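Contents: one structure, followed by commentary.
The values are calculated or read from the model by the stated rules, or taken from the named source; none is laboratory data. Fair warning: this is a prediction, and the values are worked out from it, not measured in the lab. Virtual Cβ from ideal backbone geometry, glycine too; neighbours counted across all protein chains shown.
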């Protein structure tokens, strides 16, 4: 178990701690220990263990790189948290990754904003401290420590090391160290060694007997994995992409060498987006939802360079084959006196198959013995369109930030270098046979701030995203006998883009607090970005063009799911998301928006 719930700060966030340091004003002498807050022991232990590993690296790595570990004390830099920085120098480039230690500071107070007569409580999380000021201080410190030009120092994002992180868990220490090392190794490889990525076409040509495999794993709601900082991650579905080279058909020796390579695992879950009924002439359809696969975690035994990340994204489309994603909602008996937040039957509250005059239907009872797989298939056919969407959650300061933030810079900053890095990775994957039109946007217009952290249950802690999904809210409203209109109020916090992201998130937090019995602990925000369908299709077509055609290796157990009626695609008759009548300008003016920082690519 990687989480220590008895640690300071592992409690509800209501009015915790002190606000961020907003100036460098100081009075009198301060204790030397003040740089560590209550986390001096954690800071020192983590620094010592990383220091030992860095020493071994420098003694054994002979390729010219030099690794350095640096302490950044908050009192010296006017910051809210102290940090451990790991830097790697090669030639005239230094890449550095920041580990911001939450225990060395206080939890920031929320901001209270009253706008147009409405009171909003905007929570600021520890990860929000990783802003432009923080990154500039880190960059300056690295340059001074190593005696290099500050302009040659690239801060490869940072990770929040939460209060609950167990510094006595050697496996967790190793996971965090490897992830930190990968971040700087990757940047040096790209910027100095001009590493481009793997070439799928070459692999296919060089290993004629080889095959790419996709394994799909559907996990129950009790299945929990932890990221490299010890935080729980929602992972209803795991998509594993691997490659196996078979030299001879009959060779069954144990000693196969490196004939099988696990490339990447992509974790996530299916959320449902309300799109309303589809109208065809005088007919009003009942399919009011679109499945949206949310990527929550990407893991690879390889360094997750941009090419690996793009393969992870492409592999997600495997769950769209014959609507494989349905497996995640197979009926189960559930637990007595507990809400099954993943019960697909709650879609009918707003789906209203029976066309009730109230505008709301009854939740379909999927827990009875009489509810068959055929009933299950029919319910989904009636309620859900067959058009999958794919989104990704990018943490502000998490273990995945350093290799996914390129998407944020592509989306929000329109960074030419970030966009180029994405397209260059696809070009090398496809041996230059990249058929993607770079004028096609990578992402749809919509984006949201999603709360990150955990909440407590009798079975342990879970990712907040177990609560902040459409099905979770619909099941909660249904099982607690509340007004169904609450469901649309929840979705308004996602879709009403005339209101800024931060204010919508503040409203959504009220749902999470109620559903978690006020046990939710907020660590950071995710930026949820939704890939454009055209971009995904172009990506997949580019891979197909060079012969990339993975096969399922574990599909025998799911064939019973797909004895269902065929459908046709009416999406061409649907009004596009870009058909907007109202201006995108809004009436909300000056209010707090969490600061960001600029990363170099």
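Taking the conditions (1) farther than 28 Å from residue 363 by Cα; (2) out of contact with any helix residue (DSSP H, G or I) (no Cβ under 6 Å at 6 or more places or on another chain); (3) surrounded by fewer than 15 Cβ atoms within 10 Å (Cβ to Cβ) in turn, residue 517 satisfies each one other than (1). The one condition from (1) under 30 Å from residue 93 (Cα atoms); (2) in a loop (DSSP other than H, G, I, E, B) that residue 223 does not meet is (1).
Within the range 433-473, the only residue that satisfies the criterion of being surrounded by fewer than 20 Cβ atoms within 10 Å (Cβ to Cβ), outside any strand (DSSP E or B), outside the structural domain of residue 396 (by TED's automatic domain parsing) and in contact (Cβ under 8 Å) with a residue 24 or more places away in the chain is 459. In the set 118, 150, only one residue is surrounded by fewer than 22 Cβ atoms within 10 Å (Cβ to Cβ), under 18 Å from residue 598 (Cβ atoms), in the same structural domain as residue 86 (by TED's automatic domain parsing) and without any contact (Cβ under 8 Å) to a residue 24 or more places away in the chain; that residue is 150. Only one of the numbered conditions (1) surrounded by fewer than 24 Cβ atoms within 10 Å (Cβ to Cβ); (2) within 27 Å of the chain's Cα centre (by Cα); (3) under 14 Å from residue 135 (Cβ atoms) is not met by residue 77, and that is (2). For residue 202, are the conditions met, namely being more than 22 Å from residue 418 (Cβ to Cβ), surrounded by fewer than 16 Cβ atoms within 10 Å (Cβ to Cβ) and out of contact with any helix residue (DSSP H, G or I) (no Cβ under 9 Å at 6 or more places or on another chain)? So residue 202 passes the test.
For (1) under 30 Å from residue 198 (Cβ atoms); (2) assigned to a helix (DSSP H, G or I); (3) over 19 Å from the mean Cα position of the chain (by Cα); (4) not assigned by TED's automatic domain parsing to the domain that holds residue 328, each residue gets a yes or a no:
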| site | (1), (2), (3), (4) |
| --- | --- |
| 421 | yes, yes, yes, no |
| 426 | yes, yes, yes, no |
| 475 | no, yes, yes, yes |
| 488 | no, yes, yes, yes |
| 518 | no, no, yes, yes |
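Here is the figure for the range 229-267: residues that are in contact with a strand residue (DSSP E or B) (Cβ under 8 Å, 6 or more places away or on another chain) and either at positive phi or modelled with pLDDT under 75 (or both) total 2.
Among the criteria (1) in contact with a strand residue (DSSP E or B) (Cβ under 8 Å, 6 or more places away or on another chain); (2) surrounded by fewer than 20 Cβ atoms within 10 Å (Cβ to Cβ), the one residue 392 does not fulfil is (2). In the range 475-490 there is at least one residue that is closer than 30 Å to residue 130 by Cβ, touching a helix residue (DSSP H, G or I) at 6+ places or on another chain (Cβ under 7 Å) and buried (at least 18 other Cβ atoms within 10 Å of the Cβ). Checking each residue in the range 153-182 for being surrounded by fewer than 16 Cβ atoms within 10 Å (Cβ to Cβ) and either in contact with a strand residue (DSSP E or B) (Cβ under 8 Å, 6 or more places away or on another chain) or not assigned by TED's automatic domain parsing to the domain that holds residue 77 (or both) picks out no residue at all.
Note on the range 360-379: residues that are surrounded by 20 or more Cβ atoms within 10 Å (Cβ to Cβ) and out of contact with any helix residue (DSSP H, G or I) (no Cβ under 6 Å at 6 or more places or on another chain) total 2. Look at (1) at pLDDT below 95; (2) outside the structural domain of residue 408 (by TED's automatic domain parsing); (3) part of a helix (DSSP H, G or I) and you find that residue 544 fails only one, number (2).
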